[in-house]
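Here's the structure, in structure tokens; my notes come after.
The values are calculated or read from the model by the stated rules, or taken from the named source; none is laboratory data. Just so you know, these numbers come straight off a predicted model, no measurement behind them. Counting neighbours? That spans all protein chains shown, and the Cβs are built from the backbone with ideal geometry, glycine included.
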Amino acid sequence: MLCARCRRALAFIDQWRACPRCGAPWGVRECTECNALSMKGTGFARPPFDGCVSAVLFDDAAAHIVRLNKDEGERRLADWMAFFIASAMPPEWLAGSCVTYIPDSAKARLRRGYDHGRELGLATARLLELPLVDALAQPRAHDQRDLGRADRFVNMAQALSVTEQPTARARLGLYESVIVVDDVFTTGATLYSAAHVLSDASDRKVWAATFARVY
């Protein structure tokens with residue numbers, strides 16, 4: 001499904017050089033992305049998750065994979081993105097964890113005919129041999145792709161919430177930590193919102209993991 005040439009074209013992030021807090025590719029010593037100045041305008045003093053990793057830089061090669069999966073219906077690529085996400089994830093995140101995902105909006109799900117976020121979360125959970133929990137309700141927000149950084153954080157400020165479904169909430173309560181999976185970390189607005197509502201719901205740790213990172 002993903003040929004050797006396309007795999008070689010991906011710009012993999014060296015996790016030993018990445019920021020351990022927000023996952024920025026070269027932030028291990030001093031991060032340019034989650035310092036106090038950069039956090040202004042986000043509504044947060046610091047990232048609301050306990051750690052974040054991304055597998056590759058978001059460039060033309062990564063964008064091609066994301067676009068094919070997200071907008072052109074090539075659902076099999078979710079398995080490859082999940083493989084790269086799982087490979088980048090620190091082993092210490094896994095004990096006592098479940099996996100969740102950013103669900104598609106009702107409009108996006110109707111357009112695609114499936115929830116691409118859930119498929120990525122499910123594929124990642126299978127590789128990690130962890131349970132998948134449908135922890136988040138469908139977002140109440142506009143599509144992010146045409147918005148700037150500040151507008152993305154405003155758009156997502158009240159967009160996500162923990163599901164009201166009793167079974168899912170009960171399952172979520174069984175785990176000490178939750179790993180939120182998404183395809184692309186652009187500004188962080190979506191993952192910040194997800195981590196904020198999940199950590200507010202209990203004292204559990206929240207980790208974030210994406211296939212690609214805009215930098």
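Can you give me the ranges of the helices (runs of 4 or more DSSP H) entirely in the stretch 37-119 with at least 1 residues that are in contact with a His (Cβ under 6 Å, 6 or more places away or on another chain) and surrounded by 13 or more Cβ atoms within 10 Å (Cβ to Cβ)?
On the way: elements: 60-71, 77-88, 106-112.
Here the list reads 60-71.
Quick one: is residue 194 crowded, with 17+ Cβ neighbours inside 10 Å, touching a residue at least 12 places away in the same chain (Cβ under 8 Å) and part of a helix (DSSP H, G or I)? Give the derivation first.
On the way: crowded, with 17+ Cβ neighbours inside 10 Å: yes; touching a residue at least 12 places away in the same chain (Cβ under 8 Å): yes; part of a helix (DSSP H, G or I): yes.
It is true that residue 194 is crowded, with 17+ Cβ neighbours inside 10 Å, touching a residue at least 12 places away in the same chain (Cβ under 8 Å) and part of a helix (DSSP H, G or I).
So, residue 45, is that one of a type in the set (Gly, Ala, Ser) and out of contact with any helix residue (DSSP H, G or I) (no Cβ under 8 Å at 6 or more places or on another chain) or not? First the steps, then the outcome.
On the way: of a type in the set (Gly, Ala, Ser): yes; out of contact with any helix residue (DSSP H, G or I) (no Cβ under 8 Å at 6 or more places or on another chain): no.
For residue 45, the condition - of a type in the set (Gly, Ala, Ser) and out of contact with any helix residue (DSSP H, G or I) (no Cβ under 8 Å at 6 or more places or on another chain) - is not met.
Please identify the pairs in which a residue from the stretch 20-40 that is closer than 25 Å to residue 85 by Cβ has its Cβ atom under 6 Å from the Cβ atom of a residue that is of a type in the set (D, E, K, R) and surrounded by 13 or more Cβ atoms within 10 Å (Cβ to Cβ), counting only partners at least 6 apart or on another chain.
So the pair list comes out as 22/33; 24/33; 34/21.
Select from the stretch 155-169 the residues that are in a loop (DSSP other than H, G, I, E, B) and among the aliphatic types (A, V, I, L, M) and list them in ascending order.
The answer is 157, 159, 160.
Which is among the acidic types (Asp, Glu) and within 13 Å of the chain's Cα centre (by Cα), of 115, 79, 104? If you could, list the steps in order and put the result at the bottom.
Details: 115 fails: within 13 Å of the chain's Cα centre (by Cα); 79 fails: within 13 Å of the chain's Cα centre (by Cα).
After applying the criteria, what remains is 104.
Hey, could you check the stretch 173-191 for residues that are among the hydrophobic types (A, V, I, L, M, F, W, C), buried (at least 24 other Cβ atoms within 10 Å of the Cβ) and more than 19 Å from residue 92 (Cα to Cα) and say which is modelled with the lowest pLDDT?
That would be 189.
Which ones in the stretch 170-191 are touching a helix residue (DSSP H, G or I) at 6+ places or on another chain (Cβ under 8 Å) and not in a strand (DSSP E or B)?
Within the stretch 170-191, the first condition is being touching a helix residue (DSSP H, G or I) at 6+ places or on another chain (Cβ under 8 Å), and the residues that meet it are 172, 177-187, 189-190.
Residues satisfying the conditions are 172, 186, 187, 189, 190.
So, in the stretch 120-138, exactly how many residues are among the small types (Gly, Ala, Ser) and in a loop (DSSP other than H, G, I, E, B)? So that I can check it myself, show each step before the final result.
Here is the first cut: in the stretch 120-138, the ones among the small types (Gly, Ala, Ser) are 121, 123, 125, 135, 137.
Add one more test, that the residue is in a loop (DSSP other than H, G, I, E, B), and what stays is 135, 137.
Going through the stretch 120-138 one residue at a time, the tally reaches 2.
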